[in-house]
Amino acid sequence: MSLISRLLVKSKPLKPVIFSNNYTLQTHIANMSSTPNYEFLSVSTPKEHVFHVELNRPDKLNAINYSLFSELKSCFEFMSESEDCRIVVLSGAGRFFTAGIDLQDVTQNMVPKVAQVEDVARKAKIFRPFIRLYQDSMSSLEQCRKPVIAAVHSGCIGAGVDLITAADMRFCSKDAYFQVKEVDIGMAADVGTLQRLPKVIGSDSLARELCYTCSKFPAAEALDRGLVSKVYDTKDELIQGVIGLAEEISKKSPVAVQTTKASLVYSRDHTVQEGLDHIGLLNQMMLQSEDLVNATMGQLTKDPNVVFSKL
Ligand SMILES: CC/C=C\C=C\CC(=O)SCCNC(=O)CCNC(=O)[C@H](O)C(C)(C)COP(=O)(O)OP(=O)(O)OC[C@H]1O[C@@H](n2cnc3c(N)ncnc32)[C@H](O)[C@@H]1OP(=O)(O)O
(Lines give C-alpha, C1' and ligand atoms only; values in the text may rest on other atoms or scores of the structure.)
Protein backbone atom coordinates (compact mmCIF):
# COMPACT_ATOMS: atom_id res chain seq x y z
CA MET A 1 0.00 0.00 0.00
CA SER A 2 1.39 3.42 -0.90
CA LEU A 3 2.25 5.95 1.78
CA ILE A 4 -0.64 8.22 0.81
CA SER A 5 -3.14 5.31 0.87
CA ARG A 6 -1.86 4.28 4.31
CA LEU A 7 -2.18 7.82 5.58
CA LEU A 8 -5.73 8.07 4.24
CA VAL A 9 -6.79 4.76 5.81
CA LYS A 10 -5.13 5.62 9.12
CA SER A 11 -6.80 8.97 9.40
CA LYS A 12 -10.36 7.73 8.73
CA PRO A 13 -12.86 9.34 8.95
CA LEU A 14 -11.10 11.99 6.94
CA LYS A 15 -11.67 15.49 8.22
CA PRO A 16 -12.88 17.56 5.28
CA VAL A 17 -10.21 19.81 3.83
CA ILE A 18 -12.01 22.75 2.29
CA PHE A 19 -10.41 23.78 -1.00
CA SER A 20 -13.09 26.30 -1.99
CA ASN A 21 -16.85 26.39 -2.42
CA ASN A 22 -17.52 23.04 -0.74
CA TYR A 23 -14.92 21.25 -2.86
CA THR A 24 -13.36 18.82 -0.41
CA LEU A 25 -10.51 16.37 -0.47
CA GLN A 26 -13.06 13.55 -0.44
CA THR A 27 -14.87 14.83 -3.51
CA HIS A 28 -11.48 15.36 -5.10
CA ILE A 29 -10.47 11.75 -4.49
CA ALA A 30 -13.90 10.40 -5.44
CA ASN A 31 -13.88 12.45 -8.62
CA MET A 32 -10.62 10.90 -9.70
CA SER A 33 -12.14 7.44 -10.01
CA SER A 34 -15.05 8.08 -12.39
CA THR A 35 -16.39 10.93 -14.48
CA PRO A 36 -19.06 12.74 -12.46
CA ASN A 37 -22.52 13.39 -13.86
CA TYR A 38 -23.67 16.90 -14.46
CA GLU A 39 -27.06 18.50 -15.00
CA PHE A 40 -25.98 21.04 -17.63
CA LEU A 41 -22.79 19.53 -19.02
CA SER A 42 -22.52 16.47 -21.18
CA VAL A 43 -19.16 14.68 -21.04
CA SER A 44 -17.94 12.04 -23.48
CA THR A 45 -14.63 10.50 -24.57
CA PRO A 46 -14.60 10.44 -28.39
CA LYS A 47 -10.99 9.18 -28.42
CA GLU A 48 -8.70 7.68 -25.82
CA HIS A 49 -7.57 10.46 -23.44
CA VAL A 50 -9.71 13.05 -25.28
CA PHE A 51 -12.66 14.39 -23.27
CA HIS A 52 -15.47 16.31 -24.93
CA VAL A 53 -17.39 18.64 -22.63
CA GLU A 54 -20.58 20.12 -24.06
CA LEU A 55 -22.54 22.98 -22.55
CA ASN A 56 -25.89 21.23 -22.49
CA ARG A 57 -28.74 23.61 -21.83
CA PRO A 58 -29.88 24.04 -25.42
CA ASP A 59 -33.44 25.21 -24.65
CA LYS A 60 -31.89 28.30 -22.98
CA LEU A 61 -29.15 28.67 -25.60
CA ASN A 62 -26.67 27.37 -23.00
CA ALA A 63 -27.14 30.47 -20.84
CA ILE A 64 -24.87 30.03 -17.83
CA ASN A 65 -26.71 29.94 -14.51
CA TYR A 66 -25.29 29.43 -11.02
CA SER A 67 -25.38 25.64 -11.40
CA LEU A 68 -23.62 25.70 -14.75
CA PHE A 69 -20.88 28.03 -13.45
CA SER A 70 -20.41 25.60 -10.54
CA GLU A 71 -20.42 22.54 -12.79
CA LEU A 72 -17.84 24.06 -15.13
CA LYS A 73 -15.51 24.66 -12.21
CA SER A 74 -15.97 21.17 -10.83
CA CYS A 75 -15.65 19.57 -14.28
CA PHE A 76 -12.37 21.29 -15.17
CA GLU A 77 -10.97 20.54 -11.72
CA PHE A 78 -11.82 16.91 -12.41
CA MET A 79 -10.22 17.03 -15.88
CA SER A 80 -7.12 18.61 -14.40
CA GLU A 81 -6.59 15.64 -12.07
CA SER A 82 -7.98 12.74 -14.09
CA GLU A 83 -5.18 10.56 -15.39
CA ASP A 84 -7.44 9.37 -18.21
CA CYS A 85 -7.77 12.89 -19.55
CA ARG A 86 -4.99 14.50 -21.60
CA ILE A 87 -6.95 17.16 -23.44
CA VAL A 88 -10.45 18.67 -23.37
CA VAL A 89 -12.68 19.95 -26.16
CA LEU A 90 -15.40 22.38 -25.06
CA SER A 91 -18.41 23.04 -27.29
CA GLY A 92 -22.09 23.94 -27.00
CA ALA A 93 -25.12 21.78 -27.74
CA GLY A 94 -28.00 23.16 -29.80
CA ARG A 95 -28.43 26.46 -31.61
CA PHE A 96 -25.86 28.56 -29.74
CA PHE A 97 -22.46 28.08 -28.14
CA THR A 98 -23.79 30.22 -25.29
CA ALA A 99 -25.99 33.28 -24.82
CA GLY A 100 -23.89 34.34 -21.80
CA ILE A 101 -24.89 34.61 -18.20
CA ASP A 102 -28.43 33.48 -17.42
CA LEU A 103 -30.17 36.81 -17.03
CA GLN A 104 -33.25 35.18 -15.51
CA ASP A 105 -31.11 33.51 -12.87
CA VAL A 106 -29.49 36.88 -12.09
CA THR A 107 -32.81 38.68 -11.70
CA GLN A 108 -34.63 35.87 -9.89
CA ASN A 109 -31.88 34.54 -7.62
CA MET A 110 -28.97 36.92 -7.23
CA VAL A 111 -30.72 40.31 -7.24
CA PRO A 112 -33.47 39.38 -4.69
CA LYS A 113 -30.80 38.22 -2.20
CA VAL A 114 -29.07 41.58 -2.50
CA ALA A 115 -32.37 43.45 -2.25
CA GLN A 116 -33.00 41.97 1.21
CA VAL A 117 -30.45 44.29 2.83
CA GLU A 118 -30.19 48.08 2.73
CA ASP A 119 -26.57 48.91 3.27
CA VAL A 120 -24.20 49.04 0.33
CA ALA A 121 -21.39 47.21 2.17
CA ARG A 122 -23.77 44.37 3.16
CA LYS A 123 -25.10 44.19 -0.38
CA ALA A 124 -21.54 44.05 -1.67
CA LYS A 125 -20.79 41.18 0.70
CA ILE A 126 -23.60 39.16 -0.91
CA PHE A 127 -22.28 39.80 -4.42
CA ARG A 128 -18.72 38.85 -3.52
CA PRO A 129 -19.05 35.00 -3.42
CA PHE A 130 -21.03 34.99 -6.67
CA ILE A 131 -18.39 37.01 -8.49
CA ARG A 132 -15.64 34.90 -6.99
CA LEU A 133 -17.26 31.61 -7.96
CA TYR A 134 -17.98 32.85 -11.49
CA GLN A 135 -14.38 34.03 -11.86
CA ASP A 136 -13.04 30.72 -10.53
CA SER A 137 -15.33 28.87 -12.91
CA MET A 138 -13.88 30.63 -15.98
CA SER A 139 -10.33 30.43 -14.64
CA SER A 140 -10.67 26.67 -14.12
CA LEU A 141 -10.05 26.20 -17.87
CA GLU A 142 -6.76 28.06 -17.60
CA GLN A 143 -5.85 26.29 -14.36
CA CYS A 144 -6.67 22.86 -15.79
CA ARG A 145 -3.31 21.13 -16.34
CA LYS A 146 -4.58 19.71 -19.61
CA PRO A 147 -4.99 21.86 -22.74
CA VAL A 148 -8.55 23.02 -23.40
CA ILE A 149 -9.78 23.66 -26.95
CA ALA A 150 -12.92 25.77 -27.37
CA ALA A 151 -15.01 24.87 -30.43
CA VAL A 152 -17.48 27.68 -31.03
CA HIS A 153 -20.49 27.71 -33.32
CA SER A 154 -23.15 30.43 -33.68
CA GLY A 155 -23.32 32.99 -30.83
CA CYS A 156 -20.67 33.25 -28.14
CA ILE A 157 -21.97 36.09 -26.00
CA GLY A 158 -20.90 37.78 -22.75
CA ALA A 159 -19.75 35.11 -20.31
CA GLY A 160 -19.06 32.96 -23.38
CA VAL A 161 -16.15 35.24 -24.29
CA ASP A 162 -14.88 35.07 -20.69
CA LEU A 163 -15.01 31.29 -21.01
CA ILE A 164 -13.28 30.83 -24.35
CA THR A 165 -10.51 33.32 -23.66
CA ALA A 166 -9.52 31.13 -20.68
CA ALA A 167 -9.09 28.17 -23.06
CA ASP A 168 -5.75 27.28 -24.67
CA MET A 169 -7.00 27.45 -28.27
CA ARG A 170 -10.14 28.51 -30.06
CA PHE A 171 -11.67 27.24 -33.30
CA CYS A 172 -15.04 28.12 -34.77
CA SER A 173 -17.47 27.48 -37.59
CA LYS A 174 -18.35 30.06 -40.26
CA ASP A 175 -21.62 31.02 -38.52
CA ALA A 176 -19.87 31.96 -35.26
CA TYR A 177 -19.72 35.41 -33.77
CA PHE A 178 -18.24 36.72 -30.53
CA GLN A 179 -19.81 39.52 -28.52
CA VAL A 180 -18.49 41.15 -25.36
CA LYS A 181 -21.96 42.11 -24.24
CA GLU A 182 -21.51 43.27 -20.64
CA VAL A 183 -21.64 47.03 -21.28
CA ASP A 184 -24.99 46.52 -23.01
CA ILE A 185 -26.40 45.10 -19.77
CA GLY A 186 -24.89 47.95 -17.75
CA MET A 187 -21.85 46.31 -16.23
CA ALA A 188 -18.12 46.00 -16.69
CA ALA A 189 -17.11 42.44 -17.54
CA ASP A 190 -15.68 40.92 -14.37
CA VAL A 191 -14.91 37.26 -14.98
CA GLY A 192 -11.93 37.37 -17.33
CA THR A 193 -12.58 39.00 -20.70
CA LEU A 194 -11.01 42.35 -19.79
CA GLN A 195 -7.92 40.60 -18.47
CA ARG A 196 -7.49 37.94 -21.17
CA LEU A 197 -8.97 39.21 -24.44
CA PRO A 198 -6.31 41.93 -25.08
CA LYS A 199 -3.59 39.33 -24.57
CA VAL A 200 -5.28 36.68 -26.70
CA ILE A 201 -5.78 38.95 -29.71
CA GLY A 202 -2.63 40.98 -29.10
CA SER A 203 -4.41 44.28 -29.72
CA ASP A 204 -5.40 46.49 -26.81
CA SER A 205 -7.15 48.86 -29.21
CA LEU A 206 -9.35 46.20 -30.79
CA ALA A 207 -10.14 44.65 -27.39
CA ARG A 208 -11.31 48.03 -26.12
CA GLU A 209 -13.39 48.60 -29.24
CA LEU A 210 -15.12 45.23 -28.81
CA CYS A 211 -15.69 45.80 -25.08
CA TYR A 212 -17.01 49.38 -25.37
CA THR A 213 -19.24 48.85 -28.42
CA CYS A 214 -20.50 45.30 -27.71
CA SER A 215 -20.45 44.78 -31.47
CA LYS A 216 -20.57 41.31 -32.96
CA PHE A 217 -17.13 40.06 -34.00
CA PRO A 218 -17.70 37.62 -36.85
CA ALA A 219 -15.76 34.40 -37.48
CA ALA A 220 -13.73 35.75 -40.42
CA GLU A 221 -12.51 38.76 -38.42
CA ALA A 222 -11.89 36.57 -35.38
CA LEU A 223 -9.59 34.48 -37.58
CA ASP A 224 -7.93 37.52 -39.09
CA ARG A 225 -7.19 38.98 -35.63
CA GLY A 226 -6.08 35.73 -34.02
CA LEU A 227 -8.99 35.10 -31.66
CA VAL A 228 -9.47 31.72 -33.36
CA SER A 229 -6.93 29.51 -35.11
CA LYS A 230 -9.16 28.23 -37.90
CA VAL A 231 -12.71 28.58 -39.24
CA TYR A 232 -14.60 25.47 -40.40
CA ASP A 233 -17.56 25.51 -42.78
CA THR A 234 -19.98 23.70 -40.49
CA LYS A 235 -20.33 22.76 -36.84
CA ASP A 236 -19.91 19.06 -37.67
CA GLU A 237 -16.64 19.75 -39.47
CA LEU A 238 -15.54 21.95 -36.56
CA ILE A 239 -16.12 19.24 -33.96
CA GLN A 240 -14.54 16.57 -36.15
CA GLY A 241 -11.51 18.78 -36.90
CA VAL A 242 -10.97 19.82 -33.31
CA ILE A 243 -11.29 16.27 -31.99
CA GLY A 244 -8.70 15.24 -34.61
CA LEU A 245 -6.34 17.92 -33.33
CA ALA A 246 -7.03 16.90 -29.73
CA GLU A 247 -6.26 13.27 -30.58
CA GLU A 248 -2.94 14.29 -32.15
CA ILE A 249 -1.94 16.21 -28.99
CA SER A 250 -3.20 13.40 -26.72
CA LYS A 251 -0.67 11.00 -28.23
CA LYS A 252 2.27 13.15 -27.19
CA SER A 253 4.04 12.98 -23.85
CA PRO A 254 1.60 14.21 -21.18
CA VAL A 255 4.58 15.38 -19.12
CA ALA A 256 5.79 17.56 -22.00
CA VAL A 257 2.34 18.91 -22.93
CA GLN A 258 1.26 19.71 -19.38
CA THR A 259 4.57 21.32 -18.48
CA THR A 260 4.39 23.38 -21.66
CA LYS A 261 0.92 24.64 -20.68
CA ALA A 262 2.10 25.48 -17.17
CA SER A 263 5.00 27.47 -18.59
CA LEU A 264 2.90 29.32 -21.20
CA VAL A 265 0.28 30.31 -18.63
CA TYR A 266 2.90 31.44 -16.13
CA SER A 267 5.03 33.27 -18.68
CA ARG A 268 2.08 35.26 -20.04
CA ASP A 269 1.84 37.11 -16.73
CA HIS A 270 5.54 37.36 -15.84
CA THR A 271 8.76 38.78 -17.20
CA VAL A 272 10.84 36.70 -19.59
CA GLN A 273 13.40 36.08 -16.84
CA GLU A 274 10.71 34.99 -14.36
CA GLY A 275 9.30 32.65 -17.00
CA LEU A 276 12.74 31.21 -17.66
CA ASP A 277 13.33 30.69 -13.95
CA HIS A 278 9.92 28.97 -13.64
CA ILE A 279 10.49 26.52 -16.51
CA GLY A 280 14.06 25.99 -15.32
CA LEU A 281 12.77 24.79 -11.96
CA LEU A 282 10.02 22.68 -13.52
CA ASN A 283 12.38 21.03 -15.97
CA GLN A 284 14.89 20.16 -13.26
CA MET A 285 12.21 17.58 -12.42
CA MET A 286 10.52 16.91 -15.75
CA LEU A 287 13.72 16.21 -17.69
CA GLN A 288 14.13 13.20 -15.38
CA SER A 289 10.84 11.73 -16.59
CA GLU A 290 10.69 8.46 -18.54
CA ASP A 291 8.73 10.43 -21.16
CA LEU A 292 11.90 12.23 -22.24
CA VAL A 293 13.70 8.96 -22.88
CA ASN A 294 10.72 7.31 -24.59
CA ALA A 295 9.87 10.33 -26.77
CA THR A 296 13.49 10.86 -27.79
CA MET A 297 13.88 7.18 -28.68
CA GLY A 298 10.68 7.46 -30.73
CA GLN A 299 12.15 10.39 -32.67
CA LEU A 300 15.48 8.64 -33.22
CA THR A 301 13.89 5.40 -34.39
CA LYS A 302 11.18 7.22 -36.39
CA ASP A 303 8.51 5.41 -34.38
CA PRO A 304 5.31 7.50 -34.41
CA ASN A 305 3.51 5.18 -31.98
CA VAL A 306 5.28 5.74 -28.68
CA VAL A 307 2.87 5.00 -25.84
CA PHE A 308 3.19 7.15 -22.74
CA SER A 309 2.08 6.14 -19.25
CA LYS A 310 -0.88 7.81 -17.62
CA LEU A 311 -0.23 11.00 -15.73
C1 LIG B 1 -20.83 38.13 -12.02
C2 LIG B 1 -21.20 38.26 -13.45
C3 LIG B 1 -20.58 37.23 -14.28
C4 LIG B 1 -20.72 37.12 -15.60
C5 LIG B 1 -21.41 38.11 -16.41
C6 LIG B 1 -21.62 37.93 -17.72
C7 LIG B 1 -22.33 38.95 -18.50
C8 LIG B 1 -22.97 38.46 -19.76
O9 LIG B 1 -22.98 37.30 -20.07
S10 LIG B 1 -23.67 39.69 -20.71
C11 LIG B 1 -24.60 38.79 -21.89
C12 LIG B 1 -25.97 38.38 -21.40
N13 LIG B 1 -26.70 37.77 -22.48
C14 LIG B 1 -27.46 38.47 -23.31
O15 LIG B 1 -27.60 39.66 -23.21
C16 LIG B 1 -28.17 37.68 -24.39
C17 LIG B 1 -29.67 37.60 -24.12
N18 LIG B 1 -30.31 36.83 -25.16
C19 LIG B 1 -30.64 37.34 -26.37
O20 LIG B 1 -30.42 38.49 -26.65
C21 LIG B 1 -31.32 36.43 -27.34
O22 LIG B 1 -31.83 35.31 -26.66
C23 LIG B 1 -30.37 35.92 -28.45
C24 LIG B 1 -29.09 35.36 -27.86
C25 LIG B 1 -30.03 37.08 -29.41
C26 LIG B 1 -31.04 34.81 -29.27
O27 LIG B 1 -32.31 35.24 -29.70
P28 LIG B 1 -33.34 34.18 -30.32
O29 LIG B 1 -32.66 33.35 -31.33
O30 LIG B 1 -34.53 34.95 -30.73
O31 LIG B 1 -33.71 33.19 -29.12
P32 LIG B 1 -34.62 33.52 -27.85
O33 LIG B 1 -36.01 33.09 -28.15
O34 LIG B 1 -34.41 34.90 -27.39
O35 LIG B 1 -34.01 32.53 -26.74
C36 LIG B 1 -34.34 31.15 -26.67
C37 LIG B 1 -34.49 30.79 -25.21
O38 LIG B 1 -33.29 31.04 -24.53
C39 LIG B 1 -33.49 31.94 -23.44
N40 LIG B 1 -32.29 32.77 -23.28
C41 LIG B 1 -31.52 33.29 -24.24
N42 LIG B 1 -30.53 33.99 -23.71
C43 LIG B 1 -30.67 33.92 -22.39
C44 LIG B 1 -29.93 34.45 -21.29
N45 LIG B 1 -28.81 35.13 -21.44
N46 LIG B 1 -30.37 34.20 -20.05
C47 LIG B 1 -31.48 33.45 -19.84
N48 LIG B 1 -32.21 32.90 -20.85
C49 LIG B 1 -31.80 33.15 -22.10
C50 LIG B 1 -34.69 32.74 -23.87
O51 LIG B 1 -35.29 33.33 -22.76
C52 LIG B 1 -35.55 31.67 -24.52
O53 LIG B 1 -36.12 30.89 -23.50
P54 LIG B 1 -37.70 30.53 -23.54
O55 LIG B 1 -37.93 29.70 -22.33
O56 LIG B 1 -37.88 29.79 -24.83
O57 LIG B 1 -38.40 31.84 -23.52
*For the stretch 242-249, indicate whether the set of residues that are in contact (Cβ under 8 Å) with a residue 12 or more places away in the chain, outside any loop (DSSP other than H, G, I, E, B) and within 16 Å of the ligand (Cβ to nearest atom) is non-empty.*
no
*So which residues in the stretch 141-188 are within 12 Å of the ligand (Cβ to nearest atom), of a type in the set (V, I, T) and surrounded by 24 or more Cβ atoms within 10 Å (Cβ to Cβ)?*
I157, V161, V180
*Could you list, in sequence order, the residues of the stretch 275-295 that are surrounded by fewer than 12 Cβ atoms within 10 Å (Cβ to Cβ), part of a helix (DSSP H, G or I) and either in the same structural domain as E83 (by the TED database) or not aliphatic (A, V, I, L, M) (or both)?*
G280, Q284, E290
*Within the group E142, E247, E209, which residue is touching a helix residue (DSSP H, G or I) at 6+ places or on another chain (Cβ under 7 Å) and among the charged types (D, E, K, R)?*
E142
*Looking at F51, F69, F40, F97, which is the one that is surrounded by 17 or more Cβ atoms within 10 Å (Cβ to Cβ), of a type in the set (F, W, Y) and within 27 Å of F308 (Cα to Cα)?*
F51
*Conditions (1) on the phi < 0 side of the Ramachandran plot; (2) crowded, with 18+ Cβ neighbours inside 10 Å: number failed by K252*: (2)
*Go through the stretch 94-121 residue by residue and tally those that are more than 15 Å from the ligand (Cβ to nearest atom) and closer than 16 Å to L68 by Cβ.*
0
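The values are calculated or read from the model by the stated rules, or taken from the named source; none is laboratory data. Source: prediction; values computed, not measured. All Cβ positions, glycine included, derive from the backbone under ideal geometry; neighbour counts span all protein chains shown.
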